[in-house]
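Trainee: So that we are looking at the same thing, I have put the structure below in structure tokens.
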């Protein structure tokens, strides 16, 4: 787990420029740094040592004549198998780091090396022979990758956007099209980020940058396939699930440093912990009534015979940390669970260098509430044929809203009409009411989702929802905050559910075994029950509950938000009177507007940190 930055083209004092860019991301790799320069190419790296702690594993890493040089962030879990295969082909290895398997793998297979990788990764390879850069991002988007082309066509790339700030060719500006979809989805939802001209390399994509022509070619190299395999019964799927999760955890535990696990009261992290059996687990709660679930984690840790570290976070700590959290996020993100995750990572980093966690189980195995029908919907679906329900669903789209409109829309099993993911904060109309005119021209959430749905027209309703979440919610929210909050404290997070082999199993589990009348995530829950007590295997999902709703009714924190909402510069983006109406109605108990308030607030905190405080 590390971080990299780099750029093409020539700039004055490029060594000093690259060093300053590397210092921006030193938290990603405090152990050592390295650089590589060639004509028109500068590559920088910060290392958090996990495998082969010696200098031999340092990056940038080149082949024997430096005609191929790589900077790589992440872990390749099948690097030993790749090494054996490549040694048989005559390649000589000089260290025990997985980076060298990637390096020689590219020499052997070229751009098709991505088809051989099992792991979490973002990397850039400089191929001097072909005068190009080649890079890729893992199939889930666990590791981040950003890029920007300057006015002269040169490329900046890196693990974090803040690494670009000190390059003389970077022109910092707000992307006016990013705010509108963010207001609905609570995370940066488009490939272009909140910084104008800065793009994310999407998950499961790779790129080639031609150093002569300055052309950037981006392509998808992997696609999931939710197609039911009806060859096995339910128990056989449970057996296979348990075996493959255990195998993935074993692959993810390989390290030359201490490994622990995050542990909440839910089934996902509990299952990972029971498979891993680490020395230490880490849990966080809030110093507020009914918002502390760390007792579940402590109880399970005691049953497993491992030590549990717990922290209670106060409201004061949370509000004080918001600017730092948004700085590390790089872009505004208003999932409240980023707050406890920040403090959880800080606590864990005092004891271990690597943690395993349960992210991804809900997307792969269908664990979200939105994936289930209500009892009323289930009854309606059983009694009314699909063709009739589809006709009714189409009809109501042309009628004014009435009681039952949403019910008929959802029962038609066309999620494209109503489902945009796990977050829905402001509707497009509500967003337009609070945004100023220049910021109303971005796509709405349904326009963002449409091209993703277009790729899976033949999928069933459940698989369509899962596919959308895998392509939007998972990389844009869940994995973004997981990476950024952990790396803020130089902590490597590994996610065994988000593994290529686990995915190859999960995508073929029949929909009726994923979600049914017994509940959601059925195959995974029953597999987890092999190593967990019933109470943990069946407990409903709660996420990271944060008492923000109640904090906003305290004068001290009302005033904190008011200062941002009434700042003169906030009027560029928002109708501040309407924001204050949301805040006042919430403070006085007339409404529960905490999500809308926090979504606007985090954007303003982010803007102030990057565009006002940074300039100062």
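Read the figures in this text as sums done on the coordinates, not as results from a lab. Note that the coordinates shown come from a computational prediction; the quantities given were computed from them, not determined experimentally. Because the Cβ atoms are built from the backbone with ideal geometry, glycine has one as well, and the counts that use them run over all protein chains shown.
Trainee: Under 18 Å from the 7 Å Cα→Cβ point of residue 613, by amide nitrogen: which residues of segment 1-36?
Mentor: Flagged as within label range: 24-28.
Trainee: R0 = 56 Å: FRET efficiency of residue 384 with residue 572, Cβ-based, nearest 0.05?
Mentor: The value I calculate is 0.65.
Trainee: For the ranges 260-270, 59-69, what's the packing order if you count other beta-carbon atoms within 10 Å of each residue, average per peptide, and put the highest first?
Mentor: Result, highest mean Cβ count within 10 Å first: 260-270, 59-69.
Trainee: Using alpha-carbon positions, what is the distance between the centroids of segment 450-516 and segment 239-259, in Å?
Mentor: So the two Cα centres are separated by 19 Å.
Trainee: Given an 8 Å cut-off on Cα distances and at least 6 residues of separation, report the relative contact order of segment 443-524 as a percent.
Mentor: 16 percent
Trainee: Now a separate question. In nanometres, what is the gap between the two model label sites at residue 351 and residue 591, each 7 Å from Cα along Cα-to-Cβ?
Mentor: A separation of 4.3 nm, rounded to one decimal place.
Trainee: Restricting to the chain, compute how many DSSP beta bridges are antiparallel as a %, nearest 5.
Mentor: 75 percent
Trainee: Same structure again: With an 8 Å Cα cut-off and a minimum separation of 6 or more residues, compute the relative contact order for the chain in percent.
Mentor: After rounding, I find 16 percent.
Trainee: Sticking with this structure for a sec: Given only helices, namely DSSP H runs of n ≥ 4 each adding -39500 (n - 2.57), what is the per-residue ellipticity at 222 nm of the chain, to the nearest 500 deg cm²/dmol?
Mentor: -11000 deg cm²/dmol
Trainee: Extension gain residue 112-residue 177, at 0.36 nm per residue separation less the Cα-Cα distance, in nm?
Mentor: 20.0 nm
Trainee: Per-residue counts of other Cβ atoms within 10 Å, averaged by peptide: what ranking do you get for 532-539, 332-339, highest first?
Mentor: 332-339, 532-539
Trainee: Output the relative contact order of segment 2-220, whole-number percent, from Cα pairs under 8 angstrom with separation of 6+ residues.
Mentor: Worked out over segment 2-220, it gives 19 percent.
Trainee: Roughly what % of DSSP beta bridges within segment 30-86 run antiparallel, to the nearest 5?
Mentor: 90 percent
Trainee: Still on this structure: If each residue's Cβ is checked for other Cβ atoms within 10 Å, how do 104, 586 rank with the fewest at the top?
Mentor: Ordered by Cβ neighbours within 10 Å, fewest first: 586, 104.
Trainee: Fully extended, how many nm does the chain gain between residue 370 and residue 217 (0.36 nm per residue separation, minus their Cα-Cα distance)?
Mentor: Using 0.36 nm per residue and subtracting the Cα-Cα distance, I get 51.5 nm.
Trainee: Using mean Cβ contacts within 10 Å as the protection proxy, how do 504-510, 314-320 order, highest first?
Mentor: Top to bottom by mean Cβ count within 10 Å: 504-510, 314-320.
Trainee: Right, next: Run the paramagnetic zone check for residue 254: 7 angstrom along Cα to Cβ, then residues of segment 478-495 with backbone nitrogen under 13 Å.
Mentor: Zone members listed by number: none at all.
Trainee: By how many nm would the segment from residue 500 to residue 234 lengthen if fully extended, with 0.36 nm per residue of separation less the alpha-carbon distance?
Mentor: Length gained, residue 500 through residue 234: 93.6 nm.
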